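Reading through the structure tokens given below for one structure.
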């Protein structure tokens, strides 16, 4: 079995991690997390989203946060957007990289952003044009890639069709997102392999939730298929509004710990990352689902009982 | 990537799952769990251990439980033993399959059963002779195979040496146990592959804890290396006395759910297994770390919000 020397981690706690939290973090609190992540050598952060503040009040200060962070040149800052309006707002704040999200499943897309998947694909082309005119990169996250909590199975051919269209329209990174934690590692391996075969020049990124404890297995399956970029959220924070009982995003420190223990580098300082997770836990005010924060690293030694 | 058609699950909740619980289950309560597991088509159960009742009061009723279960011919019932005394007690109750445990790490073995690893290997031969004379099978679990919480790394050559000696002495199943959740999937794959290369006729079984969320990745790595038998505990119950913060055994329903979603059979009825986990949760009186018990299976559908 061959393993790569390194993979990239895209830290999404400030967006997907926080967007369902009851406690709204202030801009300064978010900035603390971002600066601590920067200290841990995290290179890519999805820092917020430009959605209507009454819909997602947790993200209302995303522009203000960007203003406080954009003097750092060592980090890629990505904003999620649902539509052209979001892209326009992001442009006003000077954001340079956007990630538009829509769902492969019509039903989920209608629930989430009130568009059919076909409409979202059409909007993607319009927003891409807007981004080109404003010197912004446009990534895309395809939600419910591995299944829909309303419709069930989403066909592989449907995903291939959507991926082909967004690539033809000039997408930067394409994220395959497992919105409610339905993916299994065999499915991840097979879909990722087939997409990499079909689109060998394209950068793909994977986004998993740990709802059914398969988050780390799915990341490994992606690595084995040749994917080299993964969304993770500090502390494993996050959830899904449509799936009660769903746990959070796959946990950054748990993923980094696993990869490092296997000799796969991420460029991240794991000790500083764990320290950042404990700061987040204090700021957010409740226990995080992180394992490494509780158990420590695998090489932690215990005193021999006397 | 090739996956097997099926793997075996050895259910250890009645032993490793319960042995640190504050609430002692009665013989009848344990019997309920065992019979529900039988209804779910679980084929192998480690039902208890023959250790001194003042050391592990949770296991004091193991013989009595065996008497209530041994009329079932559809299930393999295994008892853990630490020494010859345990084997003698098990023999009195008529147990037909034993699993002796000792650690590859001297320091851990001295803490756990007050013997050096060398002494345990010598005792293994004596106990094997006793088992042969009494028509009992003898399995062996090698604790701290993937690392020791006191000593740190345990060398691959040390594991090969121990495995060779127990196989030469006639061990039935050899379990490689990750006592405190230190193993990573690369390590599991490489060690398992090298042992299967060296001892192709031997049946190996793997035992993981989910301390650092790598339990399921380690099982998959074992499957990929060619291992076809795994210890798991209903609800993910369990822990380790030497490792505070350590979570439980890898969770049976989470493992079975993952394998089935990948098209790998276990022969187990997953719905009945989940029902059994919820019975266990009520009996034990606290929340279990199981994911599937909370989130449901991956194909669970949600109503579309109105």
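Couple of notes before you dig in:
- When residue B:226 is tested against (1) farther than 30 Å from residue A:109 by Cα; (2) in contact (Cβ under 8 Å) with a residue 60 or more places away in the chain, exactly one condition is not met: (2).
- Evaluation of residue A:175 against (1) farther than 16 Å from residue A:144 by Cα; (2) more than 14 Å from every other protein chain (Cβ to nearest Cβ) (one fails), failing number: (1)
- Some residue of region B:262-277 being more than 10 Å from chain A (Cβ to nearest Cβ), under 17 Å from residue B:206 (Cα atoms), within 17 Å of the chain's Cα centre (by Cα) and at pLDDT 95 or above: yes
- Odd one out for residue A:218, checked against (1) over 17 Å from residue A:14 (Cβ atoms); (2) surrounded by fewer than 24 Cβ atoms within 10 Å (Cβ to Cβ); (3) within 13 Å of chain B (Cβ to nearest Cβ): (2)
- Residue B:151 vs. criteria over 17 Å from the mean Cα position of the chain (by Cα) and closer than 13 Å to residue B:162 by Cβ: no
- Counting only residues that are away from every other protein chain (no Cβ under 13 Å) and touching a helix residue (DSSP H, G or I) at 6+ places or on another chain (Cβ under 7 Å), region B:188-198 holds 3 of them.
For every residue, the table says whether it meets (1) part of a loop (DSSP other than H, G, I, E, B); (2) more than 19 Å from residue A:231 (Cβ to Cβ).
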position	(1), (2)
A:68	no, yes
A:73	yes, yes
A:85	no, yes
A:94	yes, yes
A:102	no, no
A:129	no, yes
A:140	no, no
A:150	yes, yes
A:157	no, yes
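- The residues of region A:282-293 that are part of a helix (DSSP H, G or I) and under 20 Å from residue B:146 (Cα atoms) amount to a single one, A:292.
- Reported count of residues in region A:110-167, each being touching a residue at least 60 places away in the same chain (Cβ under 8 Å) and closer than 29 Å to residue B:303 by Cβ, is 4.
- Scope region A:131-157; condition away from chain B (no Cβ under 14 Å) and either over 27 Å from residue A:76 (Cβ atoms) or surrounded by fewer than 17 Cβ atoms within 10 Å (Cβ to Cβ) (or both); matching residues: A:132, A:133, A:134, A:135, A:155, A:156, A:157
- Test: residue in region A:13-25 that is at pLDDT 95 or above, within 17 Å of residue A:77 (Cβ to Cβ) and surrounded by fewer than 21 Cβ atoms within 10 Å (Cβ to Cβ): yes
- The set of residues in region A:43-59 being in contact with a strand residue (DSSP E or B) (Cβ under 6 Å, 6 or more places away or on another chain) and in a loop (DSSP other than H, G, I, E, B) consists of A:50 alone.
- Qualifying residue in region A:58-74 (condition: over 17 Å from residue A:34 (Cβ atoms), touching a residue at least 40 places away in the same chain (Cβ under 8 Å) and either touching a helix residue (DSSP H, G or I) at 6+ places or on another chain (Cβ under 6 Å) or surrounded by fewer than 19 Cβ atoms within 10 Å (Cβ to Cβ) (or both)): no
- With respect to the conditions (1) buried (at least 18 other Cβ atoms within 10 Å of the Cβ); (2) touching a helix residue (DSSP H, G or I) at 6+ places or on another chain (Cβ under 8 Å); (3) modelled with pLDDT of 95 or more; (4) not in a helix (DSSP H, G or I), residue B:4 lacks only one, and its number is (1).
- Residue check, residue B:211 surrounded by 23 or more Cβ atoms within 10 Å (Cβ to Cβ) and either at pLDDT 95 or above or more than 8 Å from chain A (Cβ to nearest Cβ) (or both): no
- Given (1) in contact with a strand residue (DSSP E or B) (Cβ under 9 Å, 6 or more places away or on another chain); (2) more than 29 Å from residue B:251 (Cα to Cα); (3) in a loop (DSSP other than H, G, I, E, B), number of the condition residue B:119 does not satisfy: (3)
- Within region B:114-129, being surrounded by 16 or more Cβ atoms within 10 Å (Cβ to Cβ) and touching a helix residue (DSSP H, G or I) at 6+ places or on another chain (Cβ under 7 Å) holds for B:115, B:117, B:120, B:121, B:123, B:124, B:127.
- Residue within region B:199-208 that is surrounded by fewer than 19 Cβ atoms within 10 Å (Cβ to Cβ) and within 14 Å of another protein chain (Cβ to nearest Cβ) present: no
- Among residues of region B:282-295, those that are touching a residue at least 12 places away in the same chain (Cβ under 8 Å) and within 14 Å of chain A (Cβ to nearest Cβ), counted: 6
The values are calculated or read from the model by the stated rules, or taken from the named source; none is laboratory data. Keep in mind the model is a prediction, meaning the values are calculated, not measured. Using ideal geometry, Cβ is built from the backbone for each residue, glycine included, and neighbour counts are taken over all protein chains shown.
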